[in-house]
Number of protein chains: 2
Amino acid sequence: MLYSWRMAKRATEGLTERLAAGDRRALARVISLVEREDPAAKEVLAAIYPRTGEAVTVGFTGPPGVGKSSIIAKLIRLYREEGKRVGVVSVDPSSPFSKGAILGDRIRLSDHFLDSGVFIRSMGSRGHLGGLAGGSRLAALAMEAAGFDVVLYETVGVGQGEVEVASAADTVVLALQPGSGDAVQALKAGVMEIADVFCVNKADDPRAKDQKRQVRQMLEIGNELSPNPWTPPIVLTRGDTGEGVDELKREIERHREYLKESGEFEKRRRESLKSFVLLWATSRLQKEMREHLERQDEGTMERVYRRELDPISASEKIYREV
Amino acid sequence: MLYSWRMAKRATEGLTERLAAGDRRALARVISLVEREDPAAKEVLAAIYPRTGEAVTVGFTGPPGVGKSSIIAKLIRLYREEGKRVGVVSVDPSSPFSKGAILGDRIRLSDHFLDSGVFIRSMGSRGHLGGLAGGSRLAALAMEAAGFDVVLYETVGVGQGEVEVASAADTVVLALQPGSGDAVQALKAGVMEIADVFCVNKADDPRAKDQKRQVRQMLEIGNELSPNPWTPPIVLTRGDTGEGVDELKREIERHREYLKESGEFEKRRRESLKSFVLLWATSRLQKEMREHLERQDEGTMERVYRRELDPISASEKIYREV
């Protein structure tokens, strides 16, 4: 690796200590190191990791426009009333098109911008090592080490990427809105299976109860296919007035108690850490293979383009060489 | 590897020849080998690969309910009128919930079930090596080798997975419907950037023109951010009557001509083959690492659970060991 350990050491000197003391600027700095894939991030992570694992982590996912940010803003207020410090890792797809929408979402969270007990960070790029799931996981660990009691992962959209990010959390909340094809889309993307708590927002919409019924039916079918001892509750909320958000918070807590009592908590955390380790190793290898392919092995790919060598044999060749 | 080459040889004897002769049962058999991850699939691929590369490949993506299957059914009819043989690889997410919806989609394609010039195959499981993108790519190659002139990739949903599958094609069509948040969702999922041709279905909906305008605006913003010499056309279609599908077909052909004239065709195919090779190698390694972790290295993970070793150091350890 082409970087000086001494430089990395210098750059992070004192950073871990300041982070552990809850210094917001140190936290912002560490997350930036993660985003830039700075080798120093690895040092910091090794140092802070033992201080993590105590926070309550909740993943929020759901299609755009559902009102996740409003619900989260209200939920943060409830946690703050209990004196808890809340970190939010907000994950948005990499599209350069989407910046406008992200800003819009952020503005709704701005009530909390001046509160030192709240830290909100967007992660945008898909490019970095470990992908969005890897980066957001490290950001969340940094927040835990900085003493945040609750860490929320917010993801926009329902797709495999969002599933990966949200599954890092102990409890996954899926937010839907009435009268949309959202439930069907979520179901197709495999998000239904990972949701522990459902939230139907815009409860004032006359179709809200229908949406709730539809979700319950899908859950029943799902439960017949693969029985689940936990029945995900479906909470009706209003992000604008905050109605139902207290119930949502109680259901999140009830799910956590269920996890702990059933022994699922340990199992889930272990599985999630294992996935993270594998994700990281795989994505590092992928990077190395791509570099190898570009630096030394254009010849192999040339033969694939000319249809002289099939892609699977080529991949096994590269696999052996790296 | 724990399998007998002789057995693999025997199982595939004659299969390649029958496939090359356009035998539908041989084609179905080869795709099943791919889905089962049978080692014989590798042998077959190596044998058929030199016969591939001539087909026109088109990726169709878009949210569920847009009417992709109806459009594809009409498009197939147009290709059939020209005497072209058409293969469809239909990719659905792995959720056990979604079987019903898949069947519904298939029924709309049933006009062509008895036509020997049309071959439709669904790929469901995310589990196999190379993921859905890998499996569907191999199925498409098998169709090409069996003499299909056009291969369509149909994906349901707009997410990173669908993007991966559709990007294997030379031309990507994104189907949207009027009055939905689909465009925004597609944009957030990074699908807007990979679409070469847009199709607004349900053109009889009064909001269709608005949807078209909205897409055009987003494309203009996107073009300012990263200029594209190809301006994706936006075609209004009606899957029920077939209106506009001939125009859609012409735009697909016009895009192909653009690719060839600009030299983009070669570049795109090379990039796509390279991604496939990397995907395959990575997913094989991922499998091996997972097995390694489960067989021999529970100790490393145990230290991660106990917060004695951080996940990145653990992943580097495993990475070195495999």
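Each value in this text was obtained by applying a stated rule to the coordinates, not by laboratory testing. This is a predicted model, so every value here is computed, not measured. Neighbour counts run over all protein chains shown; Cβ positions are idealised from the backbone, glycine included.
Of note:
- Around B:Y305: net Lys/Arg minus Asp/Glu count, Cβ-Cβ under 11 Å: +2
- Dipole of region A:278-321 [Lys/Arg +1, Asp/Glu -1 at C-beta], most positive-end residue of A:A281, A:P311, A:M301: A:A281
- Legend: residue pairs A:K249/A:K274; A:K209/B:K202; A:K267/A:K317; A:K212/B:K68; A:K317/B:K317; A:K212/B:K209, Cα-Cα distance threshold 31 Å; pairs beyond threshold, A:K267/A:K317; A:K212/B:K209.
- Cα-based shape type of region B:269-322, given that a ≥ b ≥ c are square roots of the gyration tensor eigenvalues and the cut on a/c is 1.5: prolate
- Cα centroid separation, region A:255-307 to region B:203-281 (Å): 31
- Shape class for region A:191-242, computed from the alpha carbon gyration tensor (a ≥ b ≥ c): prolate, with a/c not under 1.5 and a/b above b/c.
- Environment charge at B:D204 (Cβ cut-off 9 Å; Lys +1, Arg +1, Asp -1, Glu -1): -1
- Charged-residue dipole, Cβ positions (Lys, Arg, Asp, Glu), region A:194-262 about Cα centre, Debye nearest 20: 80
- The residues neighbouring B:R213, those whose beta-carbon lies less than 13 Å from its own, together hold a net charge of +2 under the Lys/Arg +1, Asp/Glu -1 convention.
- Karplus-based coupling profile of region A:303-319, in residue order and whole Hz: 5, 5, 4, 7, 6, 8, 10, 7, x, 6, 4, 4, 5, 6, 5, 5, 4, with θ = phi - 60° in 6.51 cos²θ - 1.76 cosθ + 1.60 and x standing for Gly or Pro.
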